[in-house]
Amino acid sequence: MGQLIGFALTGGEVADITQAQNLLRGRDFEEAVADKGYDSDELVQFIRDEGAKAVIPPRSNRLHKRRWNKQAYKDRNIIERFFCRLKQFRRIATRYDKLAERYASMVTVGASFVWLSTEL
């Protein structure tokens with residue numbers, strides 16, 4: 001089961017890829033596994049500059065398709081399972097909290113419960 005190592009709150013209209021470099025910077029990792037929404041030359045180059053491999057499938061409209069490890073990409077289901085577990089907390093899934101500070105606190109508490117439940 002995957003675990004939360006960091007997150008950033010943004011507005012609902014902001015694309016997730018805008019936060020990717022900030023969340024990866026300074027971390028020690030060998031591979032960055034993400035879906036097609038994270039396929040950008042800038043992000044892939046950033047991951048390579050960090051000394052890691054980008055396991056991100058190319059978008060279908062890409063002119064020059066790059067190679068990616070399909071076997072390693074299968075591990076992305078761990079990320080999806082983590083988010084499904086986190087969204088079991090209704091307060092997180094429906095965003096009851098209007099203040100970002102309170103919502104971030106609830107995400108942290110929810111991630112802690114997910115972590116504790118996998119340790120038992």
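The values are calculated or read from the model by the stated rules, or taken from the named source; none is laboratory data. Treat the numbers as computed from the prediction; the structure is a model and nothing was measured. Note that we place each Cβ from the backbone using ideal geometry, even for glycine, and neighbour counts take in every protein chain shown.
Listed values, structure above:
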| quantity | calculated |
| --- | --- |
| Tally, over segment 84-114, of residues that are surrounded by fewer than 15 Cβ atoms within 10 Å (Cβ to Cβ) and either within 17 Å of Gly6 (Cβ to Cβ) or of a type in the set (Val, Ile, Thr) (or both) | 8 |
| Lone qualifier among Ile56, Ile47, Ile79, Ile17 - being closer than 25 Å to Ser117 by Cβ and surrounded by 12 or more Cβ atoms within 10 Å (Cβ to Cβ) | Ile79 |
| Residues being within 10 Å of the chain's Cα centre (by Cα) and aromatic (Phe, Trp, Tyr) - total across segment 4-38 | 2 |
| Close pairs (6 angstrom Cβ cut-off, 6 or more residues apart or separate chains): free of Cβ contacts under 8 Å to residues at least 24 places away in the same chain in segment 98-109, part of a helix (DSSP H, G or I) anywhere | Met106/Arg91; Met106/Ile92 |
| Residue match in segment 78-85 (condition: among the hydrophobic types (A, V, I, L, M, F, W, C) and free of Cβ contacts under 8 Å to residues at least 40 places away in the same chain) | yes |
| Scan of segment 48-68 for residues that are under 13 Å from Phe29 (Cβ atoms) and not in a strand (DSSP E or B), ordered by number | Arg48, Asp49, Glu50, Gly51, Ala52 |
| The one condition in (1) of a type outside the set (A, V, I, L, M); (2) farther than 23 Å from Val114 by Cβ; (3) over 18 Å from the mean Cα position of the chain (by Cα) that Thr94 fails to fulfil | (2) |
| Conditions (1) surrounded by 12 or more Cβ atoms within 10 Å (Cβ to Cβ); (2) at pLDDT 90 or above; number of the one not met by Arg62 | (2) |
| From Tyr73, Tyr96, residue being of a type in the set (Phe, Trp, Tyr), modelled with pLDDT under 90 and over 18 Å from Leu23 (Cα atoms) | Tyr96 |
